[in-house]
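To start, the structure itself, in structure tokens.
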Amino acid sequence: MSTIYLDNAATAWPKAPTVADAVASFITHDAVNTGRGAYDRAWETAGRIDECREKLATLFGAAESRNVTFTLNVTHAINTLIAGLFTSADHVLVTAMEHNAVMRPLTHLAIPYSLIPCDEDGRILLDEIPRLITKRTRAIIMGQASNVTGTIQPVREVASIGAHYGLLTIIDAAQLPLSSTLSLKDDGIDAIAFTGHKSLLGPQGVGGMVLSERVARTVTPWAYGGTGSKSDLLTMPEFLPDKFEAGTQNLPGIIGLSVAMDYSQENKEAIIKREQETTERLLSYFLSEERLQVVGPKGMEGRTSVISVDFPFLDNAQVAYELFLDGGIEIRVGLHCAPTAHQAMGTFPRGTVRFSPGYATTDEEIDRTIESCRRVLDRLKPQ
């Protein structure tokens, strides 16, 4: 039985068709380090890394390519920002829909926070923000889109409110769909934490930060080491991107991300169309099925391809397992590392079954998924 991959919110698969060859070729022929290597391949590798950095700077509206720094993933980037900007003497605002990539660092570092409430679709209530701001509040930290409900948040409006009160706006762009734009310059954002292995279609193990000059000057790095620059000093360079790139970066991953971005941008319209068509088709079935509940937006406006479903009279984990056995449906079940989001949506501690079509999902696969759902629901008895 062939499987049907509907877990693209965890990681996009398949990766862009150019990724595997680019990574393999680099590892086979050119996998030397950048820095101060005094030979052609080192300089060429440095150029390819800078080329990827420039593409990301253009995508995210950075002032210069040096304002893009690479990390292992978006979680690593968020930890760098939170640990490097705030202390327990500060206060921040986060949305009720945040991932543990935000909530756990705040909790571990004992940084006080307030939750911005949301509506029944998981969209934050903008009017509630001013009353939550205190004299100690320094920033608003929020996901551009929810990994639980697929809800897209009003980033520009939040950034405008933040700027009015002198707050930083920091965006977790892990779930950023290709159909959305996110720009430091145009949206008034101070920092974006991004990942390369989801909508950008790159390999796992590479992400980064896009920083405004204000944040770049203020944030303190947590990792220190060699950079290939200012090697006569025992302190980290203060200039970007070296300030946040201690040690050897994931060069094969960055090479893979670079060609993946070329592919995703060249095929952007077709990818968006395919994801919207399959998402709408699957969502339409779920909304017509009385034995389940869609958690989050009930329409296509203001959402990503993430669809969360609760089977209120069944065990969600059992349903997900039966769907895999019955139709080879590869989906995700549980709290999706976002317990506060489930508390806000009324699905804690049960969690949800999450479906997330991608650019390679076919109409036939959606039809097979729907047929499998019907068979499983007919077979399972309510608890």
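Can you list residues from other chains, or at least 5 along the same chain, whose modelled amide H is less than 5 Å from the amide H of I140? Counting only residues 5 or more places away or on other chains, the set is L93, L168, T169, I170. Here K185 is the anchor, and the lysines within straight C-alpha reach of less than 17 Å, apart from those fewer than 8 places off in the same chain, are K55.
Taking the chain as a Gaussian network of alpha-carbon nodes connected by springs under 10 Å, the highest mean-square fluctuation of the residues S258, S65, S199 belongs to S65. Axis of helix 316-327 versus longest Cα principal axis of the chain: the two differ by about 80°, to the nearest ten degrees.
When Rg and the Kirkwood radius Rh are both evaluated on Cα atoms of the range 226-322, their ratio Rg/Rh stands at 1.26. For the residues K273, K135, K15, a GNM of the chain with alpha-carbon springs under 10 Å puts the largest fluctuation on K135. Would you please give the FRET efficiency between K230 and M1, computed as 1/(1 + (r/R0)^6) with r the Cβ-Cβ distance and R0 = 45 Å, to the nearest 0.05? Computed FRET efficiency for K230 and M1 comes out at 0.20. The slack in the chain from Y165 to E330, taken as 0.36 nm per residue of separation less the alpha-carbon distance, amounts to 55.0 nm. Taking the charge dipole of the chain about its Cα centre, with +1 at Lys and Arg Cβ atoms and -1 at Asp and Glu Cβ atoms, the residue from T361, V215, P17 reaching farthest to the positive side is V215.
Considering only the other residues whose Cβ falls under 11 Å of the Cβ of G228, what net charge follows from Lys and Arg at +1 and Asp and Glu at -1? Taking every other residue near G228 into account, the sum is 0. Cβ-to-Cβ counts within 10 Å put M345, M1, M103 in ascending order as M1, M103, M345, the fewest first. For the range 164-171, 3J(HN,Hα) computed residue by residue from phi via the Karplus equation (6.51, -1.76, 1.60; θ = phi - 60°) reads 4, 9, x, 9, 6, 10, 10, 10 Hz, glycine and proline entered as x.
Phi angles of the range 306-312 translate, via the Karplus equation with coefficients 6.51, -1.76, 1.60 and θ = phi - 60°, into HN-Hα couplings of 7, 10, 9, 10, 10, 9, x Hz per residue; Gly and Pro are given as x.
Between L72 and D30, the simple label model (points 7 Å from Cα in the Cβ direction) yields a spacing of 2.7 nm. The residue among L240, I27, A145 whose Cα reaches farthest toward the positive pole of the charge dipole of the range 19-266, with charges on the beta-carbon of Lys, Arg, Asp and Glu, is L240. Under 5 Å between amide hydrogens, which residues at least 5 positions from R332 or on another chain qualify, with H placed 1.01 Å from N in the peptide plane? Here the answer is R354, since their amide H atoms fall under 5 Å of that of R332.
Judged by the gyration tensor of its Cα atoms, with axes a ≥ b ≥ c, the range 1-81 is oblate; a/c meets the 1.5 cut and b/c is at least as large as a/b. The calculated FRET efficiency for the pair E301 and T218, based on their C-beta separation and a Förster distance of 30 Å, comes to about 0.25.
Given axes a ≥ b ≥ c from the Cα gyration tensor, I'd like to know whether the chain is rounded (a/c under 1.5), prolate (a/b larger than b/c) or oblate. Here the chain falls in the oblate category. Straight-line cross-link partners of K135 among the lysines, defined as a Cα under 21 Å from its Cα and at least 8 positions apart when in the same chain, are absent.
Applied to the range 236-249, the Karplus parametrisation 6.51 cos²θ - 1.76 cosθ + 1.60 on θ = phi - 60° returns per-residue 3J(HN,Hα) values of 6, x, 8, 8, 8, x, 4, 3, 10, 10, 6, x, 6, 7 Hz, with x for Gly and Pro.
Remark on L314: its backbone amide H falls under 5 Å from those of Q383, a criterion applied only to residues 5 or more positions apart or on other chains, H modelled at 1.01 Å from N.
Can you compute the FRET efficiency between A317 and L109 using 1/(1 + (r/R0)^6), with r the Cβ-Cβ distance and R0 = 35 Å? Round to the nearest 0.05.
Working: r = 32 Å, r/R0 = 0.92.
With R0 = 35 Å, the Cβ-Cβ based efficiency is 0.60.
For the range 1-66, applying the loop criterion from DSSP together with a ceiling of 11 other beta carbons within 10 Å to the chymotrypsin sites (Phe, Trp or Tyr not before Pro) yields Y39.
What value does the range 76-228 have for Rg/Rh, both radii from Cα atoms and Rh as Kirkwood defines it?
Details: Rg = 14.8 Å, Rh = 15.7 Å.
Ratio of gyration radius to Kirkwood radius: 0.94.
Take the Cα radius of gyration of the range 186-270 and divide it by 2.2 N^0.38 Å, with N its residue count; two decimals is plenty. Before the final figure, lay out each step's value.
Working: Rg = 15.2 Å, N = 85, 2.2 N^0.38 = 11.9 Å.
That ratio works out to 1.28.
A crude spin-label estimate for the pair R41 and S180, with each label 7 Å from Cα along the Cβ direction, gives 4.1 nm. Other residues lying with their Cβ under 9 Å from the Cβ of I331 contribute a combined charge of 0, Lys and Arg counting +1, Asp and Glu -1.
Rule-based calculations on the coordinates, nothing more; no lab input. Everything numeric in this text was worked out from a predicted model, so none of it was measured. Using ideal geometry, Cβ is built from the backbone for each residue, glycine included, and neighbour counts are taken over all protein chains shown.
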